[in-house]
Amino acid sequence: MKLLMVGAGLSGAVIGRAMAEAGHQVTVVDSRPHIGGNCHTERDADTGVMVHVYGPHIFHTDDAEVWDYVNQYETFLPYKNRVKTTSGGQVFALPVNLHTINQFYGKTMRPDEARIFLEEQADTSITDPQTFEEQALRFVGPDLYEAFFKGYTQKQWGCSPRDLPASILKRLPVRFNYDDNYFFHRFQGMPENGYTAMIERILDHPGITVHLSQRFERAQAADYDHVFYAGPLDGWFDFDLGRLGYRTLDFERFSYQGDYQGCAVMNYGEVDVPYTRITEHKHFSPWESHEGSVCYREFSRACEPDDIPYYPIRMVAEKELLGAYVAQANTQKGVTFVGRLGTYRYLDMDVTIREALETAKVFLAHEKAGTAMPAFVVSPL
Ligand code: UDP
């Protein structure tokens, strides 16, 4: 079969590879001049630092099959994400752990004492937290919420944490020990030569042809037996029902001679600092050494039509519009919507790969059975 992958990011590459290995003829198109989507990495010409061009991407997973998959294409070197945050004139460790709690309150509590102490700060009248704010007040209480989460979240999402779902905060743990690893997953690492090198190898198969700087037009779909579309779901329909809301990011890139901040990610918890965080890219490759440094000051704002969409907003209004697009998508034939943009979800890289592998399996099973491939393997709703 002749298959088209729209988007040369993780979804397009992983599905494309599986299809090529199954003997199909795969074309991958991307409107950007590079593969890798938002995971794209590139060495800075002046300093030699590997830059996460579209912001920090740290690979972490509990999925052994996905971990084996990525290690097949690239060497992953040990990397632990240890995030710091600046608030109230001090630097603290995230996620909130025993060190953060003791430093914040000027105490020397042991785990059980800190647990009881924090429970006293927490608003226990909230039994079933619905919003981000309720979730924070229930689990860490008002002081830590105000210092670390309220301002940051306001800047990141452009609205009050009262209007955001609790699920966003559930991404972050609270620890009653000194473990300051941001993620709890079994496997964590960074690709030695960057994500783009890994994706290049995934795409390196005689059955795959890649065309970059090529904007996809829906009319092209007619030349293929099936399309895997990793572009924005509303874009497939020319935004005819309206635009699904996203946050976009602006990166103010600057160079520094030496070590600018001593860590890869420094968050800024206060609302009056206009950026959410500063990333210093050389710290994402701790096995390398560079004199010069490349940093990004990261600003979040509403995504306009010509901006790059990053974070799907998924509040009540967006969910309604999403429902309407999903209903339209389900009437389409010959296309499957995949990935972060195609299914309008906040996806980690490992989940994206897992879903891409599943999508490929489902497609091959339908092909064998002679049945129709659905528009979604994973529902966006
Ligand atoms: N968050 C926060 N303060 C921080 C870091 C995160 O309030 O210092 C909140 C914020 O709302 C963010 C969410 O927790 O959107 C998830 O954070 P994560 O670090 O997973 O975000 P990502 O790195 O994916 O942007």
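The values are calculated or read from the model by the stated rules, or taken from the named source; none is laboratory data. All figures in this text were calculated on a predicted structure; none of them were measured in a lab. FYI the Cβ positions are ideal-geometry reconstructions off the backbone, even for glycines, and counts take in every protein chain you see. Quick note on the areas: whole protein, heavy atoms, side chains included, nothing else; ligands and nucleic acids left out. Shrake-Rupley method; radii C 1.70, N 1.55, O 1.52, S 1.80 Å.
Would it be correct to say that LYS150 is under 18 Å from the mean Cα position of the chain (by Cα), farther than 26 Å from VAL70 by Cα, charged (D, E, K, R) and at pLDDT 95 or above? Outline the logic, then answer.
Working: under 18 Å from the mean Cα position of the chain (by Cα): no; farther than 26 Å from VAL70 by Cα: yes; charged (D, E, K, R): yes; at pLDDT 95 or above: yes.
For LYS150, the condition - under 18 Å from the mean Cα position of the chain (by Cα), farther than 26 Å from VAL70 by Cα, charged (D, E, K, R) and at pLDDT 95 or above - is not met.
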Enumerated strands (runs of 3 or more DSSP E) restricted to the range 1-59, each holding at least 3 residues that are more than 19 Å from the chain's Cα centre (by Cα): 2-6, 25-29
Within the range 269-327, considering residues that are basic (Lys, Arg) and more than 16 Å from the ligand (Cβ to nearest atom), the one modelled with the highest pLDDT: LYS282
Single residue of the range 63-76 satisfying the filter (touching a residue at least 24 places away in the same chain (Cβ under 8 Å) and open to solvent by 30 Å² or more (accessible area, probe 1.4 Å)) that is nearest to the ligand (Cβ to nearest atom): ASP63
Which listed residue, of ALA230, ALA221, ALA147, ALA197, is within 16 Å of the ligand (Cβ to nearest atom) and open to solvent by less than 50 Å² (accessible area, probe 1.4 Å): ALA147
Single unsatisfied condition, ARG175 versus (1) of a type outside the set (Asp, Glu); (2) touching a Pro at 6+ places or on another chain (Cβ under 9 Å); (3) open to solvent by 20 Å² or more (accessible area, probe 1.4 Å); (4) within 16 Å of the ligand (Cβ to nearest atom): (3)
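Among the candidates TYR182, TYR152, single out the residue that is open to solvent by 20 Å² or more (accessible area, probe 1.4 Å), within 11 Å of the ligand (Cβ to nearest atom), in a helix (DSSP H, G or I) and aromatic (Phe, Trp, Tyr).
Exactly one residue qualifies, and that residue is TYR152.
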Neighbours by Cβ (under 8 Å, 6+ apart or cross-chain): first from the range 121-139, of a type in the set (Phe, Trp, Tyr); second open to solvent by 60 Å² or more (accessible area, probe 1.4 Å): PHE132/ARG162
Among residues of the range 156-172, those that are open to solvent by 40 Å² or more (accessible area, probe 1.4 Å), of a type outside the set (Gly, Ala, Ser) and not in a loop (DSSP other than H, G, I, E, B), counted: 5
Number of the exception - TYR296 against (1) touching a His at 6+ places or on another chain (Cβ under 8 Å); (2) open to solvent by 50 Å² or more (accessible area, probe 1.4 Å): (2)
Of all residues in the range 312-341 being under 14 Å from the mean Cα position of the chain (by Cα) and over 19 Å from LEU164 (Cβ atoms), the one that is most open to solvent (accessible area, probe 1.4 Å): LEU341
Where a residue in the range 34-62 is at positive phi and its partner, wherever it lies, is of a type in the set (Phe, Trp, Tyr), with Cβ under 6 Å and at least six apart: GLY36/TYR195
Residues satisfying the stated conditions in the range 109-134, i.e. part of a helix (DSSP H, G or I) and either within 10 Å of the ligand (Cβ to nearest atom) or out of contact with any Leu (no Cβ under 7 Å at 6 or more places or on another chain) (or both): ASP112, GLU113, ARG115, ILE116, PHE117, LEU118, GLU119, GLU120, GLN121, PHE132, GLU133, GLU134
Checklist (1) within 16 Å of the ligand (Cβ to nearest atom); (2) touching a strand residue (DSSP E or B) at 6+ places or on another chain (Cβ under 9 Å); (3) open to solvent by 40 Å² or more (accessible area, probe 1.4 Å) applied to THR209, failing item: (1)
Residues satisfying the stated conditions in the range 44-53, i.e. buried (at least 18 other Cβ atoms within 10 Å of the Cβ) and either within 16 Å of the ligand (Cβ to nearest atom) or among the hydrophobic types (A, V, I, L, M, F, W, C) (or both): VAL49, MET50, VAL51, HIS52, VAL53
Test: residue in the range 68-85 that is under 25 Å from THR276 (Cβ atoms) and assigned to a strand (DSSP E or B): yes
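Take THR100 and tell me if it is within 14 Å of the ligand (Cβ to nearest atom), modelled with pLDDT of 95 or more, open to solvent by less than 10 Å² (accessible area, probe 1.4 Å) and part of a helix (DSSP H, G or I).
Working: within 14 Å of the ligand (Cβ to nearest atom): yes; modelled with pLDDT of 95 or more: yes; open to solvent by less than 10 Å² (accessible area, probe 1.4 Å): yes; part of a helix (DSSP H, G or I): yes.
Here the answer is yes, as THR100 does meet what is asked.
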